[in-house]
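The values are calculated or read from the model by the stated rules, or taken from the named source; none is laboratory data. Here the structure is a predicted model, which is why all the values come from computation and not from measurement. We place every Cβ from the backbone using ideal geometry, glycine too, and count neighbours over all the protein chains shown.
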């Protein structure tokens, strides 16, 4: 594992790398220059919005020269703004990486910037791209992941490259056959900024997009800045660890289904464990959150994808997503996807739902059919700390004699990251028996995870 440099606002803290790794950082006279009052942005809405004036740590351009390794930018205290400028902020709530652009915004001047983002790349309703443009920074292009830049594309549906109507900036799809930025994509770029809300689940493809972006940046000697965000499922770790045979875009790394890390911590792990192609390492900088720990309850303010519309859906997602490879519906095509599950052949229950075509679910399973099922929308009284396998085993038992349960074997195994889970289900194993087989893999992963945690 490579060491991770941590840079504060006043001092540059060096560290030693393994003998075969050279990390050359040049900071003007090895000191941070004095704080300067900077005009950050005018956040525009229907009315005149607050004008933020930020003091920034002025980082010289040489800091962003291609290097090997990972950097975490930190600050000891929140003194970048006059007190009155924080009057509208609750400093007890988490500050996201995007809230702390002042830590490196000076170094973006005269740089050609690419943004990897979607509808979640916002703070106080203002998109990162709009913020950078308001700062008169040179945003060349935007890379968009699954579901598209505006987050309205159906799961698995092709994301087309196009032009953003609002800004006129080219949108380059990173989904479908073009998952990884090409050399040509990065030829006119100096710095890539990644800011996407993750939900902390291995088969949620934004971490796969992150992998390919890191890989492309490493191959092309480009700087990557990750603006960290809290993980709404960051308070626990659970599930089988992915086996190499089942590596795919919905699972690229040997981690459990729920890995309990922020996107910034995850990027540090991918870099440090040499999981990129040819064991390359990316010139990675992480802007961490403030006022956040893994115990912090964090509610996502913008739906991260079309069918994760609520806090509950995000919480139930790791438990219910297995059904995506079965004949059981998770409520796609309803107003509460991933807050229910059901099937036309389930015994008739009090709760019924009928999936219909809609944005984000244009052709949902069992479309226009009445499904008997279970409404989970009122069941989550407190935070969950494990994947609930009871839903899966119950559906198996209900459909064992009346219908095919798992109808997409390969897809199911890729979701699980192993063929063992499907075998256990068909052998009639209980949820408790299945869970016990996960623990050795989780224990091994926890030792890896510990090396890259930025938060308690």
Exercise. Is it the case that residue 363 is surrounded by 20 or more Cβ atoms within 10 Å (Cβ to Cβ), over 19 Å from residue 230 (Cα atoms) and modelled with pLDDT under 95?
Worked result: no
For this session: Determine whether the range 321-344 contains at least one residue that is closer than 30 Å to residue 217 by Cβ, outside the structural domain of residue 255 (by TED's automatic domain parsing), modelled with pLDDT of 95 or more and not in a loop (DSSP other than H, G, I, E, B).
Result: yes
Exercise. Is it fair to say residue 186 is closer than 28 Å to residue 447 by Cβ and either surrounded by 22 or more Cβ atoms within 10 Å (Cβ to Cβ) or touching a helix residue (DSSP H, G or I) at 6+ places or on another chain (Cβ under 9 Å) (or both)?
Worked result: no
Exercise. For the range 426-444, what are the residues that are within 14 Å of residue 387 (Cα to Cα) and surrounded by 13 or more Cβ atoms within 10 Å (Cβ to Cβ)?
Worked result: 431, 433, 434, 435, 437, 438, 442
For this session: Working only within the range 277-293, note down all residues that are on the phi > 0 side of the Ramachandran plot and part of a helix (DSSP H, G or I).
Result: 278, 279
Exercise. Across the range 386-414, what is the number of residues that are in contact with a strand residue (DSSP E or B) (Cβ under 6 Å, 6 or more places away or on another chain) and either surrounded by fewer than 15 Cβ atoms within 10 Å (Cβ to Cβ) or in a loop (DSSP other than H, G, I, E, B) (or both)?
Worked result: 3
For this session: Could you list, in sequence order, all residues of the range 415-425 that are surrounded by fewer than 19 Cβ atoms within 10 Å (Cβ to Cβ) and touching a strand residue (DSSP E or B) at 6+ places or on another chain (Cβ under 8 Å)?
Result: 422
For this session: Could you check residue 368 against (1) closer than 22 Å to residue 201 by Cα; (2) outside the structural domain of residue 146 (by TED's automatic domain parsing); (3) part of a loop (DSSP other than H, G, I, E, B) and say which number it fails?
Result: (1)
Exercise. Can you spot a residue in the range 283-301 that is closer than 27 Å to residue 405 by Cβ and over 14 Å from the mean Cα position of the chain (by Cα)?
Worked result: no
Exercise. Does the range 218-276 hold any residues that are over 27 Å from residue 193 (Cβ atoms), in contact with a helix residue (DSSP H, G or I) (Cβ under 6 Å, 6 or more places away or on another chain) and part of a helix (DSSP H, G or I), and which are they?
Worked result: 246
For this session: Please specify each residue of the range 346-377 satisfying the condition of being under 21 Å from residue 321 (Cβ atoms) and touching a helix residue (DSSP H, G or I) at 6+ places or on another chain (Cβ under 9 Å).
Result: 346, 365, 374, 376, 377
For this session: Mind telling me which of the residues 227, 308, 316 ends up being touching a residue at least 40 places away in the same chain (Cβ under 8 Å) and in contact with a strand residue (DSSP E or B) (Cβ under 6 Å, 6 or more places away or on another chain)?
Result: 227
